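Every number in this text was worked out from the coordinates using simple rules, so none of it is lab data. Bear in mind the structure is a predicted one, so any value in this text is a computation, not a measurement. Glycine gets a Cβ as well: all are built from the backbone with ideal geometry, and neighbour counts include every protein chain shown.
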Amino acid sequence: MLELAIKGGKTYWGWILSLLTIIGIAFIVYLWQLDFGLGITGMSRDVSWGFYIAQFTFLVGVAAGGVMVVLPYYLHDYKAFGRITILGEFLAIAAVVMCLLFIIVDLGQPMRALNVILYPTPGSVLFWDMIVLNVYLLLNVVVGWNVIEAERNNIGYPGWIKVLAIFSIIWAPAIHTVTAFLYCGLPGRGFWLTAILAPRFLASAFAAGPALLILLCLIIRRVTNFDPGREQIQSLAKIVTYAIIINVFFFLCEVFVVFYSRIPSHMDHIKYLFFGLHGHNALVPWMWTSMLFMVTSIILLVNPVTRKNEKVLAFTCVILFIGTWIDKGMGMISGGFVPNPLHHVVEYAPTLPEIIITLGVWATGFLVLTILFKIAVTVKEEVSGV
Amino acid sequence: MKNSRRSFLKLAGISALGLGAKPVLNAFASSDEHGPEIFPNQEALTAKRWAMVIDTRKFESEEDFEPIVAACHKIHNVPKLKEKRHKIDWIWIDDFKHVFTYQEHEFLDDRVKHLPFLVLCNHCEKPACVRACPTRATFKREDGIVLMDFHRCIGCRFCMAACPYGSRSFNFRDPRPFVEEENKEFPTRMKGVVEKCNFCAERLAVGKMPACVEASNGAIVVGDLHDPDSNVRDLLKNNYTIRRKPYLGAGPAIYYIV
């Protein structure tokens with residue numbers, strides 16, 4: 001089926017080429033990082049994880065979010081989603097690929113990455129994260145590929161695929177839970193040390209993932225002959241609505257606990273993010289933008305008039321995606337490290353090379369996504385005979 | 001075609017068998033022949049549980065700490081990096097309110113308020129860094145010293161996020177050009193790995209006291225926490241001591257007499 005990915009028009013190849021260009025430039029910058037060390041990034045002794053790990057965290061969410069189309073179809077027999085489950089699975093593949101790449105580019109000694117397997121350490125959450133992410137990738141590759149192949153050949157997919165699909169539904173929350181456990185099990189970091197972290201991660205994942213999927217569906221309808229369907233998009237929008245409300249609610253629960261108890265080691269991080277601490281306030285405008293975007297998207301999603309208008313819905317999904325990205329992709333990691341364990345406020349900002357490498361990984365993800373979606377959509381077009 | 005496939009499979013099968021059997025053969029081989037025997041150094045300083053007591057009353061100003069920090073960093077080839085982001089510290093000084101976070105108050109006496117305190121790895125009883133490390137590149141020895149294997153570390157920095165004391169540094173760039181005077185007795189590090197205080201394990205092994213202890217004029221004492229007659233136990237019995245963030249339950253082995 002891969003041959004379907006090399007038959008495309010000018011726009012398709014133009015898009016592929018521009019992605020490859022970004023990847024190429026980023027790869028050169030990565031070679032520089034490999035040579036010099038992680039010192040070309042903005043990370044420091046105090047903020048020892050930065051943009052890379054933040055993107056990783058956010059994208060684990062997007063990957064897990066793919067399950068929101070798979071679950072209703074396989075568990076509740078919601079037929080409408082049968083049309084787009086493949087999109088959810090392929091989005092998950094692209095997102096996990098990005099996650100793994102972000103981990104690799106963040107390692108100080110990437111050539112030793114396999115030490116994680118060579119010296120397996122079940123006590124380390126990172127060991128489990130490696131396992132859950134790779135298994136999730138494998139599950140989605142096997143399920144996605146077999147389903148689309150069966151569709152192309154006009155036959156039903158084999159029974160064991162359904163078993164794997166249901167397994168992947170259980171697995172999706174697991175990947176984001178384990179990722180949250182990376183942070184919330186650490187004793188000295190008040191911002192992360194909260195049991196609501198994993199639920200919060202999941203809620204934001206189930207908002208951001210399907211929101212991106214809605215946008216992708218709208219793009220597919222515009223640039224191909226396959227229409228993912230109005231009902232499908234509206235059902236996804238309802239899922240996004242509940243998820244983003246729960247996400248903001250969980251955040252407010254955290255705010256209550258932290259500020260009513262008034263325990264400084266927990267308060268100071270949120271103070272830093274939203275108001276600045278000891279004169280340091282680089283993230284303040286970002287965090288309020290994030291809040292504004294998330295709350296606005298709730299208003300636009302709850303109101304059926306605005307939700308049913310696909311133009312408004314597209315706008316809503318864009319700001320929701322950006323809002324959750326700032327919340328998790330910027331604030332969540334920096335927020336945990338500032339102030340540091342000795343209560344010094346050392347701020348972090350990504351450097352240009354760091355941003356280029358980050359864009360390169362995103363471009364790689366979108367390249368994978370484009371190829372997979374191209375295959376899926378071409379099969380759908382073939383089958384429906386348009 | 002068929003023939004070559006068969007012979008390939010045969011060859012592959014034999015190879016697999018060979019690879020599978022190698023560990024078994026190794027086990028037999030090692031029981032037969034005598035490998036190099038390792039004798040412990042008779043002069044080595046040992047303890048059931050190493051601990052350190054820092055008598056902060058014996059320090060007056062920042063200058064008193066300089067020789068201590070310098071001795072440690074020199075012996076361990078700790079680079080002097082100009083860029084603040086890339087800084088590497090094994091032992092350093094900071095104010096009371098930063099060392100003992102959330103324990104300061106407005107009316108703290110002037111001596112404690114303005115006196116710098118030494119900060120280093122706490123060699124915890126339950127080290128969060130060891131638990132977090134995905135490759136066991138950082139590990140706790142039986143005598144309580146938390147060590148790093150610089151050659152196994154993949155540079156994921158999970159240990160740095162886990163350490164509640166900010167005691168770990170990362171080599172953001174090649175440290176070797178920034179080592180002023182290389183001590184050939186101790187390894188230099190490469191870029192991309194984490195490092196920290198090692199309680200001078202390499203010195204204890206040859207019967208020497210840790211570098212900071214030697215440079216402290218008796219203000220820093222190390223000894224066996226499990227030996228009731230040890231010098232540290234004596235100090236702990238006769239003085240009120242505090243530890244950093246005891247409420248986290250990590251069980252730091254560095255005690256401060258204030």
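Some points to look at:
- Under 14 Å, Cβ to Cβ, from A:VAL361 - net charge with Lys/Arg +1 and Asp/Glu -1: -2
- Those lysines that a straight Cα-Cα span of less than 17 Å connects to A:LYS10, excepting residues fewer than 8 apart in one chain: A:LYS374
- Each Cα pair under 8 Å and six or more residues apart adds its separation to the average, and for the stretch A:2-384 the resulting relative contact order is 30 percent.
- The mean sequence separation of alpha-carbon pairs under 8 Å and at least six residues apart, normalised by the residue count of the stretch A:1-143, gives a relative contact order of 22 percent.
- Three-way shape call for the stretch B:50-257 based on the alpha-carbon gyration tensor, with the a/c threshold at 1.5: rounded
- Note: relative contact order over chain B, using C-alpha pairs below 8 Å and six or more positions apart, is 29 percent.
- Surrounding net charge for A:VAL47, when Lys and Arg each add one and Asp and Glu each subtract one, Cβ distance under 15 Å: +1
- Loop-located trypsin sites (Lys or Arg not before Pro) in the stretch A:86-179 (DSSP state not H, G, I, E or B) with no more than 10 neighbouring Cβ atoms inside 10 Å do not occur.
- Angle of helix B:2-32 to the longest C-alpha principal axis of chain B, folded into 0 to 90 degrees and rounded to 10: 50°.
- In Hz, Karplus ³J(HN,Hα) per residue of the stretch B:60-69 (6.51, -1.76, 1.60; θ = phi - 60°; x = Gly, Pro): 10, 9, 4, 4, 5, 8, 3, x, 5, 4
- Shielding value for B:162-174 is 6, the average number of Cβ atoms from other chains within 10 Å of each residue's Cβ.
- Across peptide B:81-90, the average count of Cβ atoms from other chains found within 10 Å of a residue's Cβ is 3.
- Qualifying GluC sites (Glu not before Pro) in the stretch B:137-196, where qualification requires a DSSP coil assignment and no more than 14 other C-beta atoms within 10 Å, comprise B:GLU142, B:GLU180, B:GLU181, B:GLU182, B:GLU185.
- Whole-angstrom gap from the stretch A:198-238 to the stretch B:209-228, using each part's C-alpha centre: 63
- Between the Cα long axis of helix A:352-384 and the first principal axis of chain A there is an angle of about 20°, rounded to the nearest 10.
- Coupling constants for the stretch B:81-90 follow from the phi torsions by the Karplus curve (6.51 cos²θ - 1.76 cosθ + 1.60, θ = phi - 60°), and in residue order they are 9, 6, 5, 4, 4, 8, 3, 10, 10, 9 Hz; glycine and proline get x.
- Overall form of the stretch B:37-136: prolate. Here a/c, set by the Cα gyration tensor axes a ≥ b ≥ c, is 1.5 or more, and a/b is the larger of a/b and b/c.
- Database remark: amide H of B:LEU81 closer than 5 angstrom to the amide H of B:ILE88 (H placed geometrically; neighbours at sequence offset of 5 or more, or on other chains; Pro and chain starts carry no H).
- For A:183-195, mean number of other protein chain Cβ atoms within 10 Å: 3
- Entries in B:LYS58/B:LYS97; B:LYS184/B:LYS245; A:LYS328/B:LYS191 that, when Cα-Cα distance is taken, lie over 25 Å: B:LYS184/B:LYS245; A:LYS328/B:LYS191
- Gaussian network model of chain A, springs between alpha carbon atoms under 10 Å - residue of A:LEU133, A:LEU164, A:LEU197 with greatest fluctuation: A:LEU164
- Taking chymotrypsin sites (Phe, Trp or Tyr not before Pro) in DSSP loop states with no more than 14 other Cβ atoms inside 10 Å as exposed sites, chain B has its longest site-free stretch at B:108-239.
- A simple rule links phi to the HN-Hα coupling: the Karplus curve 6.51 cos²θ - 1.76 cosθ + 1.60 with θ = phi - 60°, which for the stretch B:222-230 gives 10, x, 8, 5, 8, 9, x, 9, 6 Hz, with x for Gly and Pro.
- Total formal charge among the other residues, if their Cβ is under 12 angstrom from that of B:CYS121, Lys/Arg +1 and Asp/Glu -1: +2
- Anchor B:LYS237: aspartates and glutamates whose Cα lies under 19 Å away (excluding residues fewer than 8 positions away in-chain): B:ASP55, B:ASP224, B:ASP227, B:ASP229
- Solution diffusion estimate, µm²/s, Stokes-Einstein, chain A, Kirkwood Rh from C-alpha pairs, 20 °C, viscosity 1.002 mPa s: 99
- Sequence-distant aspartates and glutamates (8 or more away, or on other chains) whose Cα lies within less than 17 Å of A:LYS7: A:GLU381, A:GLU382
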